[in-house]
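Trainee: Okay, handing you the structure first.
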Amino acid sequence: MLFSKQWFLFIAMAIVGLFSSTAAAEDAHSYARLDEVSTPHLELDLAIDFDRKQLRGFAEYSLQRHSNSNLLYLDSSQLTIDKAEIWQHDQWQPTKFSLGDVHPSLGQELIVDIGSTATKVRIHYHTATTASGLQWLTPAQTAGKKHPFMFSQSQPIHSRSWIPIQDTPALRLTYNARLTTPAGLLAVMSADNSLSDNRDGEYFFSMPQAIPPYLIAIAAGDLAIQAISDKVAVFAEQYIVDQAAWEFADTPAMIEATEAMYGPYRWDRYDLLILPPSFPFGGMENPRLSFITPTVVSGDRSLINLIAHELAHSWSGNLVTNASWRDLWINEGFTSYVENRIMEALFGTERAVMEQALGYQDLLANLELLEPNDTILNIDLGTRHPDDVFSQVPYVKGQLFLMYLEEQFGRETFDKFLRQYFDDFAFQSISTAQFKAYLQRELLAKHPQVVSMDKINEWIHQPGLPEDAPKPQSDAFAKVEQQMNRWLKGGALQTDSWTTHEWLHFINNLPLDISADNMARLDRQFNLTSIQNSEIAHAWLKLSIIKKYEPARDRLRSYLLTIGRNKLVSPLYRELAKTPDNLKWARAVYEQAKPGYHPLTQTVNEALLYNKD
Ligand SMILES: [Zn+2]
């Protein structure tokens, strides 16, 4: 009996061991099998071919074997694999490979025979013109009109559309790259970009810090460079490079403020790449080179919390990374929290609280649209495309969770905890379960009776918001509301000292039964229809659709035709789709705008405009 008991224990331990060893690598959105063979380093060699809208070349991986498997499992999407080779006996030798069936959100499994002794594998391939992670712009779609432009957006699982790769954030790898472009264009990457004005069409890059695959990024175009400090520069088309350098002049001070709170910036330089207006996101935290929408170059530095956000990812997200897309809140909730702390450190509490309150309002609106299960931080995605997880939930609910912990434990204790967290998990990818175990050990247990694990579980695993969640409220906004009430009764508005935030709060909270006369009165006095601030214009144009305010129609059309940032265009299409006449009008505008939209923006808005029934 003793003997069999021992065997039982042994088997039980083996099963536990099996689960715990695969838990960290468990990612429903990747075919990679990191526990068999992993790829800690990539050598990339690609030609950027604008005529064919194609990247062409090879990806070479060094191999780390954790089992006796002879197979390497990679992710790919719409790639054409030309050949595969392995390095053994001091030479490259052809090897077999196969592609699996196409999965609607995951792409195709690519299996390469790596034998038992090869130390490296090389895959020759080219991309499809429709690669979901790339956008190719014709010269006419750029501001300069003379040269084409291309850029990547790899998060969450679009790296696989331009590199055959183990496309899971649980992997970390370093990379070197050689890129060729037509002469005169500059190529940049999420790596050590040179500030030289050499434009010979051949560029070399190195990223010596191990990063997850979704942070590999590439762009090429007619880029100018403007330094902000010895550590920060702006890369942009000529027309906007000086404006952007002025707009983002606070970036070096943001880096210092973040270092003071959460420890050293570990990525050497921090540069900003300003993309064409079709860039589908506000920003993308590609390490050493954040990709930024030009729609935040507002001329008054009012939208630079976006830079604070992308910079914050240098700690939360890039340094400590979600192990799978179910854990996205570990990237975005922490980053939204850190972003707001940076804004507070630089610009004071009033502005920070206004930004919290605007985010909170967006979250409440978003919670009404989402299915309850999609309002859970540790969301169960199944194999749904992880593009679906990017709602306000991981961002703002995640931020509120950390604000709650700060309130409960006190800022001093919570800051110390966070700083230690960034040190302890630096350059690692962690799951929600790992975070909870760490939180229990390093915060809850050391300060008993403050917050229970039941409360933590409510935040992380239950839908909606807990009863006692923070509800950010701004005094400045309360004053805006008082003014609004007087104005609606015919009084005058005192807006001289209003910031963009106060304007947004004002427009977003106007009563939906506001009269046509009052809409016209506002527009006459403040020229809201022609305002260049992209966020205020967005709020006004959305209201103009609801109120059928026709004088804003031409501006609405030009806005939709020139901006491709999904957060700014998608709510407008959603509103337009609510009535048959507007839907017809919106489809016509969309068809005209489509060639300038990124594939991701196209997918989201076509769902709104064409798959409604
Ligand atoms: Zn983010």
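Trainee: Divide, for the range 173-225, the radius of gyration over alpha carbons by 2.2 N^0.38 Å, where N is the residue count.
Mentor: Numbers: Rg = 11.2 Å, N = 53, 2.2 N^0.38 = 9.9 Å.
In units of the 2.2 N^0.38 Å rule of thumb, it is 1.13.
Trainee: How many Å³ per residue does the convex hull of the Cα positions in the range 420-566 occupy?
Mentor: Per-residue hull volume (Cα only) is 207 Å³.
Trainee: Still on this model: Carbon and sulfur: what percent of the range 269-357's accessible surface (1.4 Å probe)?
Mentor: Of all accessible area on the range 269-357, carbon and sulfur atoms account for 46 percent.
Trainee: Accessible area per residue of the chain at 1.4 Å probe, in Å²?
Mentor: 42 Å²
Trainee: Further question on the same structure: Considering every pair of different Cα atoms, what Kirkwood radius, in Å, is found for the range 217-361?
Mentor: 15.4 Å
Trainee: Give me the percent of DSSP beta bridges within the chain that run antiparallel, rounded to the nearest 5. Walk me through the numbers before you get to the answer.
Mentor: Working: 65 of 82 bridges.
So the antiparallel bridges in the chain amount to around 80 percent.
Trainee: Roughly speaking, what is the stretch gain from THR499 to GLU412, that is 0.36 nm per residue apart minus the C-alpha to C-alpha distance, in nm to one decimal?
Mentor: 28.3 nm
Trainee: Additional query: Once the Cα atoms of helix 553-562 and of the chain are each reduced to a long axis, what angle between those two axes, in degrees from 0 to 90 to the nearest 10, is obtained?
Mentor: 20 degrees
Trainee: Another one. Solvent-accessible area of ASP300, probe 1.4 Å, all protein chains present, reported in Å² to the nearest ten, please.
Mentor: Approximately 80 Å² for this residue.
Trainee: Against the globular-protein guess of 2.2 N^0.38 Å, express the Cα radius of gyration of the chain as a ratio, rounded to two decimals.
Mentor: Rounded to two decimals, the normalised Rg is 1.00.
Trainee: Grab the alpha carbons of the range 26-159, take their convex hull, and tell me the volume per residue in Å³.
Mentor: Considering the Cα atoms of the range 26-159, their hull volume per residue is 121 Å³.
Trainee: Evaluate E = 1/(1 + (r/R0)^6) for ASP242 and ASP300, where r is the Cβ-Cβ distance and R0 equals 22 Å; express this FRET efficiency to the nearest 0.05. The partial results should precede the final answer.
Mentor: Numbers: r = 16 Å, r/R0 = 0.71.
Efficiency, from the Cβ-Cβ distance: 0.90.
Trainee: So, with a 1.4 angstrom probe, what is the percent of accessible area on the range 371-477 that is carbon and sulfur?
Mentor: Carbon-and-sulfur percentage of accessible area, whole number: 44.
Trainee: Shifting gears a bit: Given the alpha-carbon gyration tensor of the range 378-419, what are the semi-axes of its equivalent ellipsoid in whole angstrom, ordered largest first, with each equal to the square root of 5 times an eigenvalue?
Mentor: Result for the range 378-419: semi-axes of 29, 10, 8 Å.
Trainee: I need the fraction of alpha carbon pairs in the range 288-426 separated by more than 28 Å, rounded to a whole percent.
Mentor: Percent of Cα pairs beyond 28 Å in the range 288-426: 18.
Trainee: In addition: If Lys and Arg each add +1 and Asp and Glu each add -1, what is the summed charge of the other residues whose beta carbon sits under 15 Å from the beta carbon of HIS126?
Mentor: +2
Trainee: Now a separate question. Regarding the range 518-606, what whole-number volume in Å³ per residue does the convex hull of its Cα atoms give? All intermediate terms of the calculation are to be shown ahead of the outcome.
Mentor: Values: hull volume 7.1 nm³, N = 89.
Hull volume normalised by residue count: 80 Å³.
Trainee: Would you mind calculating the gained length between ARG178 and ASP517 on full extension (0.36 nm times residue separation, minus the Cα-Cα distance), in nm to one decimal?
Mentor: Extending this stretch completely gives an extra 116.0 nm.
Trainee: Could I have the simple spin-label model distance between ASP268 and LEU488, label points 7 Å from Cα toward Cβ, reported in nm to one decimal?
Mentor: 5.6 nm
Trainee: If you find the alpha carbon centre of the range 486-533 and of the range 148-206, how far apart are they in angstrom?
Mentor: When both Cα centres are located, 44 Å separates them.
Trainee: How far is it, in nm, from the label point at LYS594 to the one at PHE204 when both lie 7 Å from their Cα along the line to the Cβ?
Mentor: 4.5 nm
Trainee: Another question, if that's okay. On full extension of the chain, what length is gained from HIS66 through ALA445, given 0.36 nm per residue of separation minus the C-alpha to C-alpha distance?
Mentor: 132.9 nm
Trainee: Can you work out the FRET efficiency for the pair SER452 and GLU36, with r the C-beta to C-beta distance and R0 = 56 Å, to the nearest 0.05?
Mentor: 0.90
Trainee: Loop only per DSSP, at most 13 neighbouring Cβ atoms within 10 Å: give me the trypsin sites (Lys or Arg not before Pro) in the range 552-588, ordered by residue number.
Mentor: Numbers: sites: ARG553, ARG555, ARG557, ARG565, LYS567, ARG574, LYS578, LYS584, ARG587; in loops: ARG565, LYS578.
Filter output for the range 552-588: LYS578.
Trainee: Also: Using a simple spin-label model with points 7 Å from Cα along the Cα→Cβ vector, what separation in nm is obtained for ALA28 and HIS103?
Mentor: Using points 7 Å along Cα→Cβ, the separation is 1.0 nm.
Trainee: Please report the equivalent ellipsoid semi-axes of the range 354-502, computed as sqrt(5 x eigenvalue) of the Cα gyration tensor, largest first, in whole Å.
Mentor: 34, 21, 14
Trainee: Go ahead and run the numbers for FRET between GLU606 and TYR438, Cβ-Cβ distance against an R0 of 41 Å, rounding to 0.05. Provide the component values of the computation, followed by the final result.
Mentor: Values: r = 42 Å, r/R0 = 1.01.
About 0.50, to the nearest 0.05.
Trainee: By the scheme Lys and Arg +1, Asp and Glu -1, what is the net charge of all other residues having a beta-carbon under 12 Å from that of THR142?
Mentor: With Lys, Arg at +1 and Asp, Glu at -1, the neighbours total 0.
The values are calculated or read from the model by the stated rules, or taken from the named source; none is laboratory data. This is a predicted model, so every value here is computed, not measured. In this analysis, Cβ positions are derived from the backbone assuming ideal geometry, glycine residues included, and neighbour counts consider all displayed protein chains. With ligands, DNA and RNA removed, areas are computed over all heavy atoms of the protein, side chains included. Shrake-Rupley method; radii C 1.70, N 1.55, O 1.52, S 1.80 Å.
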